[in-house]
Amino acid sequence: ALKLLLRNDDTRERAIHYALADPDQRAMRLGLAIAVQHGLPESAVPLAASLALGAEAQDLRVTAIRALGTSRGSTAVDALIRLVTPKKRGLFRRRLARTPEVEAAVTALKSFAEQPRVQEVLAQLADS
């Protein structure tokens, strides 16, 4: 039933939202794949951001990050910036590891390159 809802333009947004909230990883993967193809609806951005930051499976995290790159909202940009910002440890920032998640986030951020704060983040990443 979920596949039918995801194929239909009229029900796709709600179906993506339900798929990302589903505890079944197969449904999440399907919803994320459709979101990457057709764009992530704004209502599903918090769910995708949550998956990008904390899903158990790496492929879910990477696909959620790619889906965030298809959104046009500032919430998606915030989540992507959070993914590429090195964590502070004491007085120093830890060096950012080049993981598949970070690579996907940098690629996704490039789709927001017209925004000044994204330009700043991308410039910082290029310098490091």
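The values are calculated or read from the model by the stated rules, or taken from the named source; none is laboratory data. Owing to the predicted nature of the structure, the values given are computational and were not obtained by experimental measurement. Note that each Cβ is placed from the backbone with ideal geometry, even for glycine, and that neighbours are counted across all protein chains shown. Each accessible area value is taken on the protein alone, full model and side chains, heavy atoms only, with ligands, DNA and RNA left out. Shrake-Rupley method; radii C 1.70, N 1.55, O 1.52, S 1.80 Å.
Quick look at the values:
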| item | result |
| --- | --- |
| Carbon/sulfur fraction of accessible area - the chain, other protein chains in place, 1.4 Å, % | 52 percent |
| Farthest positive-ward along the chain dipole, Cα basis, beta-carbon charges - from Ala35, Val118, Asn8 | Val118 |
| Loop GluC sites (Glu not before Pro), the stretch 22-128, which have at most 12 other Cβ atoms in a 10 Å radius of their Cβ (DSSP) | Glu56, Glu114 |
| Longest exposed-site-free window of the chain, the sites being trypsin sites (Lys or Arg not before Pro) in a DSSP loop that have at most 13 other C-beta atoms within 10 Å | 1-71 |
| Relative contact order [Cα under 8 Å, 6+ residues apart], the chain, whole percent | 18 percent |
